[in-house]
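Asker: Pasting a structure here, questions to come.
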Amino acid sequence: MSEFTAESVRADVRAWLDDSWDLDLGLFEWRDRLACSGWGSPAWPKAWFGRDLPVGLIPVVDQELKRVGAVGTAKKGAAILTGATLQAHGTDMLREKYLRRSLTGEDTWCQLFSEPGSGSDLAGATTRAEFKGNKWVINGQKVWTTSAHLADYGLLLARTDWDVPKHKGLSFFILNMHQPGVEVVPLRQMNGHASFNQVFFTDAEIEPEYMLEEEGAGWKIATTTLMHERRGADSMKRNVKVTESPKRIYQEEAEEIAVAMAPYTWYAQRAGRVDLVLQRARETGKINDPVVRQEVAKLITLARCADWTAQRARVAQAQGHEPGPEGSIGKLANSDVARAANRVHTMISGADSMLTGDDSPMDGVIAEVLISTPAISIAGGTDEIQKNIISERVLKMPKEHRIDTDRPFRDVPRNVV
């Protein structure tokens, strides 16, 4: 039986907050205190800024922090993915160096996985990591990297061996984004935002101790990162609230949130804005059209089912289960919802859905929905990738026939028309 109960945890965190929460502290100063106490990431091991708390009791801690208005740990960039990955695969040196600073927000992270030549075939990455002298030297290109322009460090997947099958030739590194040889170039999207970046590497250097585990373990480690990413795929739907207060700590938090959330301002539109469908149907009178009414009902039903799937994943997490294929099921469900919402918004607004500006439906929000929803079926692994995961890991179907998994990667044809 666990030594923890909701009552004992509540009493412990309440007592600590009574002694430690101080509105006059700066943001980093308070978060350092929170991280070192273990209450900032209570499910982590005690040795690494945690409390060994069962995941199911984390809401108790969150409730107590909220009760006194205490600011939580940083959620910006890929900090959460970094923490999960380093806890599972990092050395003690790397955990000591990065975990606390990822919780305080002193360091910002990005995820250097996708490449222009391999699409959703992550294992087909061709960015090179070659050991020269006493360092790894990186050359290549990554793309669709969210917040790379803000990042201090990147989680990098690179190829270290071209003479083994593709999944076995990848290694996982921590890369300093501010060093010579790293160039970040923003990508302007068709919806007017610039959330993503291209990142070019030209003889960028990494010390050997910044490789996670051993050479060739990159695919296993990247899978850990991706499972946590997909489990949290619906997190951007939730609003990040700013505390309205002149106190320094809240002002600093508000500034951090504004910067961190800027790349995600269009993510609600990417998800389809199901919340606006009934309002638009009533405003336009299409609520009385039986065909539109039927499609609206289908959409709301689909959205509710997707929400239940996401809740199931969160319950599994609360019970302490490792991330699994339910993340892929939830992500695929969100893609279906977004496409259905796109169709319904088009049915409701007609040709007006293409307008932007002051005289457009909802000041251009509907138009932004139409050109943003395709992204949800691509980012974080395409629908096709999620279907493969579901078929193989959930339905236990045979794996699809592949010709590129049992031969040296250098012999695999790439970008051949």
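The values are calculated or read from the model by the stated rules, or taken from the named source; none is laboratory data. Values in this document were obtained by computation on a predicted structure and should not be read as measured data. Glycine also receives a Cβ, built like all others from the backbone with ideal geometry; neighbour counts cover every protein chain displayed.
Asker: Would you say residue 92 is out of contact with any Gly (no Cβ under 9 Å at 6 or more places or on another chain) and in the same structural domain as residue 174 (by TED's automatic domain parsing)?
Answerer: Numbers: out of contact with any Gly (no Cβ under 9 Å at 6 or more places or on another chain): yes; in the same structural domain as residue 174 (by TED's automatic domain parsing): no.
Criteria not met by residue 92.
Asker: Just checking, how many residues over the stretch 3-49 are within 26 Å of residue 92 (Cβ to Cβ), out of contact with any helix residue (DSSP H, G or I) (no Cβ under 7 Å at 6 or more places or on another chain) and among the small types (Gly, Ala, Ser)?
Answerer: So the answer is 1.
Asker: Something else: Kindly list, by first and then second residue, each pair from a residue in the stretch 1-27 that is under 14 Å from residue 51 (Cβ atoms) to a residue that is among the polar types (S, T, N, Q), limited to pairs with Cβ atoms under 7 Å and residues at least 6 apart or on different chains.
Answerer: 16/37
Results for (1) buried (at least 21 other Cβ atoms within 10 Å of the Cβ); (2) within 30 Å of residue 148 (Cβ to Cβ); (3) touching a strand residue (DSSP E or B) at 6+ places or on another chain (Cβ under 7 Å), shown as yes or no for each residue.
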| site | (1), (2), (3) |
| --- | --- |
| 15 | no, no, no |
| 21 | no, no, no |
| 53 | yes, no, no |
| 66 | no, no, no |
| 69 | no, no, no |
| 80 | no, yes, no |
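Asker: Let me ask something else. Out of 96, 3, report the one residue that is farther than 26 Å from residue 214 by Cα and of a type in the set (Asp, Glu). Give the steps one after another, and end with the answer.
Answerer: Working: 96 fails: farther than 26 Å from residue 214 by Cα.
Criteria check complete, one pass: 3.
Asker: Have a look at 361, 374 and point out the one that is outside the structural domain of residue 223 (by TED's automatic domain parsing) and surrounded by 17 or more Cβ atoms within 10 Å (Cβ to Cβ).
Answerer: On the way: 374 fails: surrounded by 17 or more Cβ atoms within 10 Å (Cβ to Cβ).
The conditions single out 361.
Asker: Continuing with this model, one more query. Which residues, counting only those in the stretch 162-179, are outside any strand (DSSP E or B) and touching a residue at least 60 places away in the same chain (Cβ under 8 Å)? Break it down stepwise before answering.
Answerer: Step one: of the stretch 162-179, the residues outside any strand (DSSP E or B) are 162-169, 177-179.
Result: 162, 163, 164, 165, 166, 167, 169, 177.
Asker: Moving on to the next point. Given the criteria in contact (Cβ under 8 Å) with a residue 12 or more places away in the chain, assigned to a helix (DSSP H, G or I), over 20 Å from residue 115 (Cβ atoms) and not assigned by TED's automatic domain parsing to the domain that holds residue 270, does residue 393 qualify?
Answerer: Values: in contact (Cβ under 8 Å) with a residue 12 or more places away in the chain: yes; assigned to a helix (DSSP H, G or I): yes; over 20 Å from residue 115 (Cβ atoms): yes; not assigned by TED's automatic domain parsing to the domain that holds residue 270: yes.
Here the answer is yes, as residue 393 does meet what is asked.
Asker: With the checklist (1) surrounded by fewer than 19 Cβ atoms within 10 Å (Cβ to Cβ); (2) in contact with a helix residue (DSSP H, G or I) (Cβ under 7 Å, 6 or more places away or on another chain) in hand, flag the one item residue 122 doesn't pass.
Answerer: Going through the list (1) surrounded by fewer than 19 Cβ atoms within 10 Å (Cβ to Cβ); (2) in contact with a helix residue (DSSP H, G or I) (Cβ under 7 Å, 6 or more places away or on another chain), residue 122 breaks only (1).
Asker: Restricting to the stretch 33-44, name every residue that is of a type in the set (Phe, Trp, Tyr) and surrounded by fewer than 23 Cβ atoms within 10 Å (Cβ to Cβ). Before the answer, list the steps.
Answerer: Our first condition is that a residue be of a type in the set (Phe, Trp, Tyr); within the stretch 33-44, this holds for 39, 44.
Across the stretch 33-44, the qualifying residue is only 44.
Asker: Going by the conditions given, is residue 406 assigned to a loop (DSSP other than H, G, I, E, B) and in the same structural domain as residue 282 (by TED's automatic domain parsing)?
Answerer: Numbers: assigned to a loop (DSSP other than H, G, I, E, B): yes; in the same structural domain as residue 282 (by TED's automatic domain parsing): no.
No, not satisfied.
Asker: State the number of residues belonging to the stretch 196-217 that are under 17 Å from residue 141 (Cα atoms) and touching a helix residue (DSSP H, G or I) at 6+ places or on another chain (Cβ under 9 Å).
Answerer: 4
Asker: Just to be sure before I move on: is residue 47 surrounded by 21 or more Cβ atoms within 10 Å (Cβ to Cβ) and either part of a helix (DSSP H, G or I) or of a type in the set (D, E, K, R) (or both) in the structure I sent? It would help to see each step written out before you state the result.
Answerer: Details: surrounded by 21 or more Cβ atoms within 10 Å (Cβ to Cβ): no; either part of a helix (DSSP H, G or I) or of a type in the set (D, E, K, R) (or both): yes.
For residue 47, the condition - surrounded by 21 or more Cβ atoms within 10 Å (Cβ to Cβ) and either part of a helix (DSSP H, G or I) or of a type in the set (D, E, K, R) (or both) - is not met.
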